[in-house]
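The structure appears right after this line, and notes come after that.
The values are calculated or read from the model by the stated rules, or taken from the named source; none is laboratory data. These numbers were taken from a predicted model, which means no experiment stands behind them. Heads up, the Cβs are rebuilt from the backbone with ideal geometry, glycines too, and the neighbour counts pull from every protein chain shown. When the accessible area is computed, the model is the full protein with side chains, heavy atoms only, and any ligands, DNA or RNA have been set aside. Shrake-Rupley method; radii C 1.70, N 1.55, O 1.52, S 1.80 Å.
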Amino acid sequence: MFSERIYNFSAGPSMLPLPVLQQIQQELLNCSGSGMSVMEMSHRSSAFDSIFQDTKSRLRALLQVPDDYEILFLQGGASTQFAMVPMNLMGRTGRADYALTGNFSTKAYEEAQKFGLCAVACSSADQNHTYIPQQEALQLDADASYFHYCANNTIYGTEWNYVPDTGAVPLVCDMSSNILSKPVDVSRYGLIYAGAQKNMAPAGVTVVILRRSLAGSAPENTPTMLNYATHVKGDSMYNTPPCWCIYVLGLVAKWLQEDVGGLSEMARRNEEKAALLYAYLDESHLFHAAVQKAYRSRMNVTFRTGDRDLDAQFAKEAAAAGLSNLKGHRLVGGMRASLYNAMPIEGVKALIDFMARFEKEHI
Ligand SMILES: Cc1ncc(COP(=O)(O)O)c(C=O)c1O
């Protein structure tokens, strides 16, 4: 039991910025003089419409989304995008390229195989996904309908250190675990998708940013709700959208714009946080980073002692000290510290202090 807020290193759902939680608390019963909570609002009401439009325009401004791109607020998690992407985009040539650099990109690839011919453009499975294949290693099909990759591998702790060049083939990117962590040139992508529960909002909304010309070519028998054209036409209001999550996303976007000062400053802070922790890991005689230097994620830092029991003891003692959710994913073991946007640098320093004390006791 804690009487104060702790540092939550969960990979998702994850910490939200404190000022955002405080504003939610303030507005919980009566949002902007509407006399009701956002949870109780009709999605067709003018009160909710202004929240919805505000969220969308803040996201558009933060990511500098070009005019010929739509921003959609969908449901079903990023996992539903594993199917929606091929259902909507594979029709052009019946083929697609997939980069396999971790668990979720492999799941996306497996799902897409139900809809057409998928080729493995590259894979890091040979080294247990501890690196990102570079441009010259990509086997590109000039006739692919799209090229799919996952920008940040949440479980393994790797992050793409470049944007692949696929010529005229549209890039499709799963940015679930690093969206809004740095500026992105949206115009290089055909479609970007991200579940909200790491850097954006509570679980329940999936943001899709797509070049408008890519919507509208799904086969006739595509279920209505799984057709991007439905949501482009209905401005994400074909059915009831995840209103609460859209509201919180708007507050997070406002926090990024007004408190943080934009995505370049957010990127600087994220680099600083990750650099601190990796520097400690590289010096430590007990803990070791799990990933090769050039491909280390700024969002999910994976590390281990090499002794399973000691790893478990560390995660348990850290949790008791208010540093929670440091146990690594079962696929890789060890530990994982997720340092998303809302994790303050004080949290990273507290973690390093705790690790240093633990190291002294166990070396
Ligand atoms: C990179 C990435 N892609 C996809 C997913 C799956 O997201 P969802 O649970 O929203 O379906 C996750 C979940 O952690 C993820 O980290």
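Considering only residues of segment 97-121 that are open to solvent by less than 10 Å² (accessible area, probe 1.4 Å) and away from the ligand (no atom under 16 Å from the Cβ), which is farthest from residue 297 (Cα to Cα)? Among residues in segment 97-121 that are open to solvent by less than 10 Å² (accessible area, probe 1.4 Å) and away from the ligand (no atom under 16 Å from the Cβ), the one farthest from residue 297 (Cα to Cα) is 97.
Only residues that are in contact with a Phe, Trp or Tyr (Cβ under 6 Å, 6 or more places away or on another chain) and within 16 Å of the ligand (Cβ to nearest atom) were counted in segment 207-217, giving 2.
Of 42, 3, all but one fail to be more than 30 Å from residue 219 (Cβ to Cβ), modelled with pLDDT under 95, among the hydroxyl-bearing types (Ser, Thr, Tyr) and open to solvent by 10 Å² or more (accessible area, probe 1.4 Å); the exception is 3. Pull up segment 78-96, narrow it to residues that are of a type in the set (S, T, N, Q) and within 13 Å of the ligand (Cβ to nearest atom), then point me to the one that is farthest from residue 228 (Cα to Cα). Here the answer is 79. With respect to residue 278, determine if the residue is crowded, with 16+ Cβ neighbours inside 10 Å, among the hydroxyl-bearing types (Ser, Thr, Tyr) and part of a loop (DSSP other than H, G, I, E, B). It is false that residue 278 is crowded, with 16+ Cβ neighbours inside 10 Å, among the hydroxyl-bearing types (Ser, Thr, Tyr) and part of a loop (DSSP other than H, G, I, E, B).
Taking the criterion of being open to solvent by less than 70 Å² (accessible area, probe 1.4 Å), of a type in the set (A, V, I, L, M), more than 30 Å from residue 330 (Cα to Cα) and part of a loop (DSSP other than H, G, I, E, B), would at least one residue in segment 10-17 satisfy it? Checking segment 10-17: not a single residue is open to solvent by less than 70 Å² (accessible area, probe 1.4 Å), of a type in the set (A, V, I, L, M), more than 30 Å from residue 330 (Cα to Cα) and part of a loop (DSSP other than H, G, I, E, B). Checked against the criterion of being over 18 Å from residue 248 (Cβ atoms), open to solvent by less than 10 Å² (accessible area, probe 1.4 Å) and either in contact with a Ser or Thr (Cβ under 8 Å, 6 or more places away or on another chain) or not in a loop (DSSP other than H, G, I, E, B) (or both), segment 206-219 contains one or more residues that satisfy it. Name the single residue, out of those in segment 230-243 being free of Cβ contacts under 8 Å to residues at least 60 places away in the same chain and assigned to a helix (DSSP H, G or I), that is nearest to residue 114 (Cα to Cα). Looking at residues that are free of Cβ contacts under 8 Å to residues at least 60 places away in the same chain and assigned to a helix (DSSP H, G or I), I get 230.
A residue that is in contact with a Lys or Arg (Cβ under 9 Å, 6 or more places away or on another chain), open to solvent by less than 30 Å² (accessible area, probe 1.4 Å) and touching a residue at least 12 places away in the same chain (Cβ under 8 Å) cannot be found anywhere in segment 355-363. On inspection, residue 297 passes the criterion of being in contact with a helix residue (DSSP H, G or I) (Cβ under 8 Å, 6 or more places away or on another chain) and open to solvent by less than 20 Å² (accessible area, probe 1.4 Å).
Pairs are defined by a Cβ separation below 7 Å, a sequence spacing of at least 6 or placement on different chains, a first member in segment 244-268 that is assigned to a helix (DSSP H, G or I), and a second member that is among the hydroxyl-bearing types (Ser, Thr, Tyr); the pairs so defined are 246/55; 249/55; 250/55; 253/55; 266/181; 267/181. Under the condition of being part of a loop (DSSP other than H, G, I, E, B), more than 18 Å from residue 230 (Cα to Cα) and either in contact with a helix residue (DSSP H, G or I) (Cβ under 7 Å, 6 or more places away or on another chain) or touching a residue at least 40 places away in the same chain (Cβ under 8 Å) (or both), the residues counted in segment 33-77 number 7.
Conditions (1) of a type in the set (Asp, Glu); (2) at negative phi; (3) more than 16 Å from the ligand (Cβ to nearest atom), marked per residue:
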residue	(1), (2), (3)
4	yes, yes, yes
8	no, yes, no
41	no, yes, yes
46	no, yes, yes
53	no, yes, yes
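Being open to solvent by 30 Å² or more (accessible area, probe 1.4 Å) and among the hydrophobic types (A, V, I, L, M, F, W, C) holds for only one residue in 89, 72, 63, 29, and it is 29.
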